[in-house]
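Enquirer: Please find one structure pasted underneath; my questions will follow.
Each reported figure results from applying straightforward, stated rules to the coordinates on display, with no laboratory input. Not measured: the values here are computed from a predicted model. Note that we place each Cβ from the backbone using ideal geometry, even for glycine, and neighbour counts take in every protein chain shown.
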Amino acid sequence: MRVIFLFPHMVMHGGALHYMLHVIDGLQAQGHTVGVVTLRHDPQRFPVPPGVDVLTPDDAPITSDLAYWLLAPIWHRRLERLVMQWQPDAMVSQVFPSNWWGWFIRRRHPTLPHLFVIQEPSAFIHSDRWIAALRPMWKQALARLLRPVLRSMDLRRAAYTDYAVANSANTAKAAEAVYGFQSLPLAYPGVDFARFPVSRGPRREMLVTSGHLSGFKRIDFLLEVMSRLTTRRPDIRLNIVGDGPDADRLRALRSELGLDEHVTFHGRLSDEELVRIYGESRLYIHGAMHEPFGMSVVEALATGTPAAAHASGGPQEIIASDAIGVLIDSEDPDAWADAIDAYLSTHTDSPDLADKCRERAEFFSWDHAITQIAKGLDDITKVNPGKDAICAE
């Protein structure tokens, strides 16, 4: 079939974009014709498989620009035209506001089915933590001001979902609470195991974290944890991989906490450099709370590196036992330092630790995710979306 994916913009790294590119590749391998409608695309940084059409409106802003929201109805109509000109059999949306695009188009074209891959319910509407992470502050204030109206619109439009899958059981639970979607199929993200080989070599007195340097990832909290942990382990080091809008503020906080000799900011790294750091580290630490999934945790496990994370969200599903990491049910940096110190002292010298971590990572398969989405597409193209939609009210 002809399947069009809707995605906000393809100009910066993120788990949802990584997810979409893998699914596109898998569906195309099954013989489907695939296209993407997005506001902007950087083909050098984010190439798509040969044969995939990427359609963008001219001179479009990205969704974090006020210019997009001031003229949102116009952009929605232009995106609708691109979709309909491509003549798809089905469309797939993911993160906000691409789900709104799908709902808008599905309402205007009732025979074009819409599959919603839920990475999280529309985050900047339903999540206090996502709103608190918005920068600059005027965006945060505007999101809070408009939240009641946007929430009402979001809930009404969700009825134009014909099929939905969730990226974790945690996300499925959130989708049921917000939208009323029940018993959603799970399409966990996978790992490219060729990119993340297991390391069984000696580990150094190092910790590592990676991700977008924004408020949601709570790198500032991890720096507070490090300020406590260094009093227990003076030789401990933390490597921070990634970039983002909070990079300068976090470097300043590192100096303020006296951690210049203990914490290194690497920016973005190649796969080879990232795997090397994972493979040298004794523990991956994940600061986000209520993370919908936590792809970086799985990637660390794939290299044989155990992980520490807050006992919430996706990491609760990933870190299935203390054999491969530690879940910390606290927001207190002292409690985190205690838990990490104890784990390093009692678990990380196990000779089969790397194999246990790798085995857990292999549970998360792109083949399974692609199969779930392909099944959903097959189901919704065999029914009349206007009458027999699977998730629509």
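Enquirer: Quick one: among 59, 332, 235, which has the greatest mean-square fluctuation in a GNM of the chain with alpha-carbon springs under 10 angstrom?
Expert: 59
Enquirer: Largest first, please: the extent of the C-alpha atoms of region 21-136 along each principal axis, to the nearest Å.
Expert: 43, 32, 28
Enquirer: Quick one: length gained pulling residue 268 to residue 32 fully straight, 0.36 nm per residue minus the C-alpha distance?
Expert: Additional length available on full extension: 81.6 nm.
Enquirer: Compute the long axis of helix 98-108 from its Cα atoms, compare it with the longest principal axis of the Cα atoms of the chain, and write down the angle in degrees, 0 to 90, nearest 10.
Expert: 10 degrees
Enquirer: Same structure again: With a cut-off of at most 13 other beta carbons within 10 Å, and DSSP calling the residue loop, which GluC sites (Glu not before Pro) in region 174-257 qualify? Please list them.
Expert: 205
Enquirer: Set the Förster distance to 41 Å, then compute FRET efficiency between residue 177 and residue 341 from the Cβ-Cβ distance, nearest 0.05.
Expert: So, using R0 = 41 Å, E works out to roughly 0.70.
Enquirer: As an exercise, identify the chymotrypsin sites (Phe, Trp or Tyr not before Pro) in region 323-375 lying in DSSP coil whose Cβ has no more than 16 other Cβ atoms within 10 Å.
Expert: 363
Enquirer: I've got another one for you. Assuming R0 = 30 Å, what is the FRET efficiency of residue 334 and residue 261, from their Cβ-Cβ distance, to the nearest 0.05?
Expert: That pair, residue 334 with residue 261, gives E of 0.90.
Enquirer: Take residue 129 and residue 64, extend 7 Å from each Cα along the Cα→Cβ direction, and tell me the distance between the two endpoints in nm.
Expert: Between residue 129 and residue 64, the label points sit 1.9 nm apart.
Enquirer: Lys/Arg Cβ at +1, Asp/Glu Cβ at -1, dipole of the chain taken about the Cα centre: which of 307, 146, 238 is farthest positive-ward?
Expert: Comparing the listed Cα positions along the dipole, 146 ranks first.
Enquirer: Take the Cα gyration tensor of the chain, multiply each eigenvalue by 5, square-root it, and list the three semi-axes largest first, rounded to whole angstrom.
Expert: 37, 23, 19
Enquirer: Taking only C-alpha pairs under 8 Å that are 6+ residues apart, what is the relative contact order of the chain in percent?
Expert: Relative contact order comes out at 17 percent.
Enquirer: Using a/c under 1.5 as the rounded threshold, could you call region 206-361 rounded, prolate or oblate? The axes a ≥ b ≥ c are square roots of the C-alpha gyration tensor eigenvalues, and prolate needs a/b larger than b/c, oblate otherwise.
Expert: Rounded, since a/c falls under 1.5.
Enquirer: Loop-only check: which trypsin sites (Lys or Arg not before Pro) in region 262-368 are DSSP coil with at most 15 other Cβ within 10 angstrom?
Expert: Answer in residue order: 268.
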